[in-house]
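Below: one structure, written as structure tokens.
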Amino acid sequence: MEKYMSVTQAAEAWNLTERRVRRLCQDGRVSGAIKLGWQWSVPSDAPKPFDGRAMRHYKVSYIRLGSIDVTMLNRLRADNPVQDELYSNINTDEFFSGLIRLGMAIDKSSFSNADILAVLKLNPPRSVSYADALMISAFRSVLLRSARMNHKYTSAGLLEIHAAFTQGWDDRGGTAFRIGVITNQDGQPLEVDKQMETFFTQYSREWKNLHPVFKASLLFAALITDRPFDSHNGLFAVLASSSYLMSEGFLP
């Protein structure tokens, strides 16, 4: 039978105030916490939620919202709906190839434009392995679907995109962040999954009303910096940020 502790006990164990623990429970950030009447009960082995305020430096240091004019971008979105063009425009595969080559360059690998286009036209050359052909095809498939989806700005939502991207060529690693630590801005080590949870906390709070281009840029920067997966972090950073943009109606 699972053992629980009171808010008072959790506050003592985590060195927090009782008010803070109640707020964390209300926000759904305490794993397994349940409310009985007006009282919260917390599993005795529940980990202390990481403080999302530690990630505020991303917004403060890397974005100058007042200096960026998005009027033209908004006008382009209104006048040129993304999904109207994607399935019929003959240049779509060239567009996807450019994104793939960008991601591969970040990962310090490469394929020629001709090889990528051949894969996208379902005629992979012998120079491209079966796994790489699946990866390239999955990149295109995820982006095409993204134009008709509403991606969740959560760790789970990001893992859903990664699982779809890696299906068939990396099923084992596709559904979880890598095991390891990341050094945060203060020089302290954080587990990768906690770092990503903290990052997405900002999406649900301080950043939820940011323009989609800013939010996608923040996501791209975090994925490049934190490298939360075992491989292909650059390519996935391009894919994920592009997917979020396309789900919001913007071409990357």
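The values are calculated or read from the model by the stated rules, or taken from the named source; none is laboratory data. Note that this is a predicted model, so its numbers are computed, not measured. Quick reminder, even Gly has a Cβ in these numbers, built from the backbone with ideal geometry, and neighbours come from all protein chains shown. For the accessible areas, the whole protein counts, side chains as well, though only heavy atoms, and no ligand, DNA or RNA atoms are used. Shrake-Rupley method; radii C 1.70, N 1.55, O 1.52, S 1.80 Å.
Here are the numbers for this structure:
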{"item": "Among the residues listed as 223, 144, 218, the single one being under 23 Å from residue 27 (Cβ atoms) and part of a helix (DSSP H, G or I)", "result": "218"}
{"item": "Filtered residues of region 3-43 (kept if open to solvent by 100 Å² or more (accessible area, probe 1.4 Å) and either acidic (Asp, Glu) or without any contact (Cβ under 8 Å) to a residue 40 or more places away in the chain (or both))", "result": "12, 15, 19, 23, 26, 35, 36, 38, 39"}
{"item": "Sole residue being among the basic types (Lys, Arg) and modelled with pLDDT of 90 or more, chosen from 205, 172, 178", "result": "178"}
{"item": "Verdict on residue 231 being within 24 Å of residue 109 (Cβ to Cβ) and in a loop (DSSP other than H, G, I, E, B)", "result": "yes"}
{"item": "Scan of region 194-210 for residues that are in contact with a Leu (Cβ under 8 Å, 6 or more places away or on another chain), of a type outside the set (A, V, I, L, M) and surrounded by fewer than 18 Cβ atoms within 10 Å (Cβ to Cβ), ordered by number", "result": "none"}
{"item": "Residue match in region 176-190 (condition: buried (at least 21 other Cβ atoms within 10 Å of the Cβ) and in contact with a Lys or Arg (Cβ under 9 Å, 6 or more places away or on another chain))", "result": "no"}
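For (1) part of a helix (DSSP H, G or I); (2) over 14 Å from the mean Cα position of the chain (by Cα), each residue gets a yes or a no:
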| residue | (1), (2) |
| --- | --- |
| 157 | yes, no |
| 165 | yes, no |
| 168 | no, yes |
| 171 | no, yes |
| 177 | no, no |
| 190 | no, yes |
| 194 | yes, no |
| 198 | yes, no |
